[in-house]
Amino acid sequence: MDWGMKNRMARIINPRTGRAVMVAFDHGYFLGPTQRLEVPRDTITPLLPYADTIMLTRGVLRSSVDPESCANVVLRVSGGSSIVGPDLSDEGLTTSLRDAIRLNVAGVGISVFVGSEHERQTLLNLAELVNQGEEYGIPVLGITAVGKELEKRDSRYLALCCRICAELGTHIVKTYYCEEFEKVTTSCPVPIVIAGGPKLETEMDVLEMTYNAIQQGAVGVDMGRNIWQNDHPVAVIRAIRSIVHENNKPKQAHDLFLSIKNEESKKVASV
Ligand code: R5P
């Protein structure tokens, strides 16, 4: 691996812990103004100090994140379909690597839709992106199973998706937590991060999922709604960080969540 690729990987996966806290804000690329992401800057800014990397599109990056924030960025570079269109899986590459380099990204992210009508197209998009990424030293995050594909959220399907992404040369894979998750991680020779999926009922659910995923071989999270759709997003991300980077147990992380939440409430009450 060349210096540039290694350097960018170290901006995504912290070399000190071997773990990664990524926060995903890219939902608008097919969902439009997702709940609590209606004004991206308002959602993103408070979380920047606690995210190792942020994942988003170039449009939201340029319009809603200050370059001086020095945020590490994994840029979503696939899209072309929407939630109201005929088929979410009909994606192409939306952003050139030239533009990604201009944005000084740490990596680029692309979805694949294994088992869908557009399986071949999306896998070849990924392979082409890896070809370009290798040329310029830019890691590629392969993103498995969104939309309808999520119905197949079991270890057999997700292991298939992750392994195919790895075989095509992706440097990191993003997938979903599932039962027997270690079957997914052990058969994938590159690092895996988990998405959070739709908002879970309690904070403890999110923290337990994070903990279990790490215990079963994930290197971290690339989570969105379970962080910023919470009423206390900073408290949630700090609790998640404590599991990912400090090996906290869910109960310790939950205690941290509650103490930060209480501090926040006191500050609001004193204003
Ligand atoms: C989906 O394709 C997007 O990449 C999201 O970033 C991803 O689903 C992670 O977000 P969440 O944790 O909200 O599922």
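The values are calculated or read from the model by the stated rules, or taken from the named source; none is laboratory data. Because the structure is predicted, anything quoted here is derived from the model rather than measured. FYI the Cβ positions are ideal-geometry reconstructions off the backbone, even for glycines, and counts take in every protein chain you see.
Quick rundown of the values:
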{"read-out": "Condition met for residue 62 (loosely packed, with under 15 Cβ neighbours inside 10 Å, farther than 27 Å from residue 168 by Cβ and touching a Ser or Thr at 6+ places or on another chain (Cβ under 8 Å))", "value": "no"}
{"read-out": "Checking residue 49 against (1) without any contact (Cβ under 8 Å) to a residue 24 or more places away in the chain; (2) surrounded by fewer than 19 Cβ atoms within 10 Å (Cβ to Cβ); (3) within 16 Å of the ligand (Cβ to nearest atom), the condition it does not meet", "value": "(3)"}
{"read-out": "Count - residues of segment 164-211 that are among the basic types (Lys, Arg) and over 15 Å from the mean Cα position of the chain (by Cα)", "value": "1"}
{"read-out": "Residue among 15, 33 that alone is out of contact with any Ser or Thr (no Cβ under 6 Å at 6 or more places or on another chain) and within 16 Å of the ligand (Cβ to nearest atom)", "value": "33"}
{"read-out": "Selected residue (only one of 146, 112, 108, 140 is at pLDDT below 95 and within 15 Å of the ligand (Cβ to nearest atom))", "value": "146"}
{"read-out": "Condition check for residue 218: under 19 Å from residue 12 (Cα atoms), within 16 Å of the ligand (Cβ to nearest atom) and either part of a helix (DSSP H, G or I) or of a type in the set (Lys, Arg) (or both)", "value": "no"}
{"read-out": "Count of residues meeting criterion [outside any helix (DSSP H, G or I), aliphatic (A, V, I, L, M) and more than 12 Å from the ligand (Cβ to nearest atom)] in segment 223-255", "value": "0"}
{"read-out": "Residues satisfying the stated conditions in segment 176-202, i.e. outside any loop (DSSP other than H, G, I, E, B), crowded, with 21+ Cβ neighbours inside 10 Å and touching a Lys or Arg at 6+ places or on another chain (Cβ under 9 Å)", "value": "176, 184, 192, 193, 194, 195"}
{"read-out": "Candidate set from segment 2-17 (those that are surrounded by 12 or more Cβ atoms within 10 Å (Cβ to Cβ) and part of a loop (DSSP other than H, G, I, E, B)); member that is nearest to the chain's Cα centre (by Cα)", "value": "13"}
